[in-house]
Every structure is written in C-alpha cells, then in structure tokens.
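The values are calculated or read from the model by the stated rules, or taken from the named source; none is laboratory data. This one's a predicted model, so the numbers in the text were calculated from it and none came from an experiment. Heads up, the Cβs are rebuilt from the backbone with ideal geometry, glycines too, and the neighbour counts pull from every protein chain shown. Each accessible area value is taken on the protein alone, full model and side chains, heavy atoms only, with ligands, DNA and RNA left out. Shrake-Rupley method; radii C 1.70, N 1.55, O 1.52, S 1.80 Å.
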Amino acid sequence: MRKKIAVLGSTGSIGTQSLNVISHDMDRYTVEALAAGSNLELFIEQIRQFQPRKVSVATKELAEELALHIPSYTEIYYGEKGMIEVAAATDADLLINAVMGSQGLRPTMAAIEAGKSIALANKETLVSAGHLVTQAAAKHGVKLLPVDSEHSAIFQCLNGEPKEAVSRIILTASGGSFRDRTREQLADVTVEEALKHPNWSMGAKITIDSATMVNKGLEVIEAHWLFRLPYDRIEVLLHPESVIHSMVEFADNSVIAQLGNPDMRVPIQYALTYPERRKTPTTPLNLAELGRLHFREMDYERFPCLRLAFECGSTGGTMTTVYNAANEVAVDRFLRGDIKFLQIEETIERVLEKHQLSLVPDLDEIQQADAWARQTASSIDFS
Ligand code: NDP
Ligand code: MG
C-alpha cells in the first residue's frame, strides 16, 4: 500500500529534499497535503507535480494569489490554521514537519492527536515544548521519527537496545562557518560569510545556528527528549568532516557510529521507510578517498551558546522555550543587518536572565513564554 504523506515547509531545504526522495520512489507514496510560506513559484510547481488535495500558505493574500494558478479542486488554507489543516486533517499516515521555528509546535501537536507518525526535522518544536510533544506522542501511540542527521544516526545506532545499555550518546558537530576563527575574529563577520557552511547546504536560519553553535544546543535538547537521556549523558564532539553523523557508547564501552556522506536525503528517507531500508538517490561513502577523519574537544568558551543550551536543558520548563524563541528573533535580526553576529548570543543571554521560569508549563504557558521572549529579544537596543 502507498504511504500517504503530508509536508509542512515543502519549499524549504528539507521540504524540497523530502519531495526529491518521494519523487524517486513514486509508486510507494501519495502526497496528500503540502504547506509552504511565501515561495509561490516553487509551490505552484510542487502542487502541479504532486497533486495534493490540500495546501496552505502563510497569508490570506498569498492564498488568493495561489488560487489563480492551481486546479480548483485543490483546497487552499493559510496561516497557522492552514498548517494545522495540512498537518492533521487529511488521510496522511505520516507528517514531515520541515518548517523552521516554534511555529511548528501547534501543527505537530494536532498531527499527533490525529494519530499521524511524525518525521521531525523541525527541532525547535521539541526544544520549545519537548515534554508536551513526547507525552502526547506516547499517549496517542505515535512515532516521532528523527530527520535531523545526528538524531537519525543515534536512532539507527540504538536500534532497539534498552536505555540501560547506553552509557552516553555523542553528537558530532562540524563547527559551522566560523569553526577556525577566534572569538576576536567574530566581531565584524558579515551575513554572507556566516551563510557559507563548509559541509551542508541548508536554510538560512539553521546555517546561522550552526555558526553560533546554537544548532548543536538545540540538538542536545532534541536528543534529551527523543532518547530520554539526562544531559550528563549527552556529549558533543567537534568533527569537521560531518561523515560520522553521531555515535552511541554502550555499557561495555562498545561504540556504534553511523557514517555517510553529508546528504540529508538519507535520514529523510529512513524516517519515511523505517524500519525498512531502500535505495536513495545519493552517492556511497568512500573512506579510502577521504583518507582521514578528525576530532576535537568542544570548546565551551568559544561557543557559549552551547553551554547555555546545556544549562537551559538541565533547568527545564520554559527555559528552553525562551532560549529558542530569543534565538529565532536574534537570528532574524542578524540576517536583516539589524544586529552583529556576537549580539545573537548576547540577546539570548539577556533574555534568559530576565525570564521567570515556569517548570511544568502547559501549551498556553509555552506560547506565552515564547511570545514574551520574542518581544523582549526584539526590543533590545544595541545602538
Ligand atoms: P528553510 O528555511 O529552507 O525552509 C523553511 C520552510 O518553512 C519553507 O518551506 C518555508 O516556506 C516554510 N515556512 C515559513 N513560514 C511558513 C508559514 N507561516 N507556514 C508554512 N510554511 C512556512 O529551512 P530548512 O529546511 O533548512 O529547515 C527546516 C527545519 O529543519 C528547521 O527546524 C531546521 O532546524 C531543521 N533541519 C534542517 C536541516 C537542513 O539540512 N536544512 C538539517 C536538520 C534539521 P517559504 O520558503 O515558501 O517561505
Ligand atoms: Mg543536525
């Protein structure tokens, strides 16, 4: 039987690679619904190719414009309601959540409540409200399948081993665009420089997150929720080549790692076909050609945002919600040329200092903390 898929963020980096994977194995899938933001040109192409029954875009204006270009039997929605419609109100078996940011939270919750499996790229959702998402998934018997390459690697290494057998997980980090620069050299870096990631081609926000190491911080918190491990059993190792995607050390000191060329289509497809493995449109790893792999200890002075993520994660509650939301605003401000690179971390620190923690927040409290952090981060004046 064909697997029925819905995709949030189909026009983005993960979204387009997901549709690429699907298009290489079209007999296995039908695309039930797609949601995008504002890239209508690409979205119209995708709708023509995959013929989803429901689609959604960011705003009413975009929805009206879209209606002029696609078949009239396609239902069009917009905004958060539209994302929820695409995520939860179709016959899809599985939702690929590939939107950027905590805006993915409500649609994910709705999809879980509707019993859909979730292929989760949108890590901000777990960082913002990991306890609610994992509780809801357990309650509804829904699978959360990691798309993030590190988490897919750990998921593959664990392969059903009991949690007691795991001594620690080791997340690898490429180090991002400024890996080899000192903190002094970061003061005046440009947006263009920050957007040049050495190993991966990704959306703008996650590329900046890789340079600040916030991305690894978000991934540490994501790993905590996905694999139910305390923070002192999650480690980060600098590995510039991004060939080992992550590893698990077991009680007997045996370490299992997952390797491959850096290509997101491998973890994306594994989330779609799990527990089966199928051919992917990617190139095989050639270790002899690579010759050697390198590793360095993580420097938490050089990358304070990673230290902050461990601290927020260990505190728990709305601390990680605020860490994430403050970062989303700071990255947006940096990309718009409104603040400097190092002011991203300063923003996060300053917002966290002001935050009044709620330890076991419900969904409304999460959204209030998220909105408060956004407002606070937007109003910091660096001039
Ligand atoms: P992109 O910025 O490339 O894509 C984001 C997607 O979200 C786009 O399709 C965008 O639409 C869509 N979007 C934005 N606003 C809305 C809205 N209001 N309603 C519906 N859709 C919206 O991001 P990435 O693909 O790089 O990242 C997506 C997620 O995956 C992030 O959480 C990231 O951390 C995670 N991830 C990404 C990896 C990568 O290799 N890129 C690797 C691992 C994780 P549009 O462009 O049409 O405006
Ligand atoms: Mg990753």
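Taken as a whole, the condition of being in a loop (DSSP other than H, G, I, E, B) and either in contact with a strand residue (DSSP E or B) (Cβ under 7 Å, 6 or more places away or on another chain) or surrounded by 16 or more Cβ atoms within 10 Å (Cβ to Cβ) (or both) does not apply to residue 151.
Being assigned to a helix (DSSP H, G or I), among the hydroxyl-bearing types (Ser, Thr, Tyr) and touching a Ser or Thr at 6+ places or on another chain (Cβ under 6 Å), is that true of even one residue in the stretch 221-232?
Of the residues in the stretch 221-232, the ones assigned to a helix (DSSP H, G or I) are 221-227, 231-232.
If we keep only those that are among the hydroxyl-bearing types (Ser, Thr, Tyr) too, we end up with 231.
If we keep only those that are touching a Ser or Thr at 6+ places or on another chain (Cβ under 6 Å) as well, we get 231.
Yes, the stretch 221-232 contains at least one residue that is assigned to a helix (DSSP H, G or I), among the hydroxyl-bearing types (Ser, Thr, Tyr) and touching a Ser or Thr at 6+ places or on another chain (Cβ under 6 Å).
In the set (1) more than 16 Å from ligand 2 (Cβ to nearest atom); (2) under 22 Å from residue 98 (Cβ atoms); (3) open to solvent by 50 Å² or more (accessible area, probe 1.4 Å); (4) of a type in the set (S, T, N, Q), residue 273 fails one condition alone, (3). Here residue 182 meets each of (1) within 30 Å of residue 337 (Cβ to Cβ); (2) not in a loop (DSSP other than H, G, I, E, B) with one exception, condition (2). Taken over the stretch 97-120, the criterion of being within 10 Å of ligand 1 (Cβ to nearest atom) and in contact with a Leu (Cβ under 9 Å, 6 or more places away or on another chain) is satisfied by 97, 98, 99, 104, 107, 120.
I need the full set of residues from the stretch 24-45 which are in a helix (DSSP H, G or I) and in contact (Cβ under 8 Å) with a residue 12 or more places away in the chain, in order please. Before the answer, list the steps.
Going through the stretch 24-45, the residues in a helix (DSSP H, G or I) turn out to be 26-28, 40-45.
Across the stretch 24-45, the qualifying residues are 27, 28, 40, 42, 43, 44.
Figure legend. Inter-residue proximity from the stretch 187-200: first residues within 16 Å of ligand 2 (Cβ to nearest atom), second residues open to solvent by less than 50 Å² (accessible area, probe 1.4 Å) and of a type in the set (A, V, I, L, M, F, W, C), beta-carbon distance below 8 Å, spacing 6+ or different chains. Indicated pairs: 197/211; 200/264. Scanning the stretch 248-270 for residues that are small (Gly, Ala, Ser), within 25 Å of residue 117 (Cβ to Cβ) and either open to solvent by 50 Å² or more (accessible area, probe 1.4 Å) or not in a loop (DSSP other than H, G, I, E, B) (or both) gives no hits. Among the residues of this structure, residue 228 does not count as one that is open to solvent by 10 Å² or more (accessible area, probe 1.4 Å) and touching a Lys or Arg at 6+ places or on another chain (Cβ under 6 Å).
Could you please let me know if residue 16 is without any contact (Cβ under 8 Å) to a residue 60 or more places away in the chain, in contact with a Leu (Cβ under 9 Å, 6 or more places away or on another chain) and in a helix (DSSP H, G or I)? Can you show your working first?
Values: without any contact (Cβ under 8 Å) to a residue 60 or more places away in the chain: yes; in contact with a Leu (Cβ under 9 Å, 6 or more places away or on another chain): yes; in a helix (DSSP H, G or I): yes.
For residue 16, the condition - without any contact (Cβ under 8 Å) to a residue 60 or more places away in the chain, in contact with a Leu (Cβ under 9 Å, 6 or more places away or on another chain) and in a helix (DSSP H, G or I) - is met.
For residues in the stretch 195-208 being more than 7 Å from ligand 1 (Cβ to nearest atom) and assigned to a helix (DSSP H, G or I), which is surrounded by the most Cβ atoms within 10 Å (Cβ to Cβ)? Restricting to residues being more than 7 Å from ligand 1 (Cβ to nearest atom) and assigned to a helix (DSSP H, G or I), the top hit is 208.
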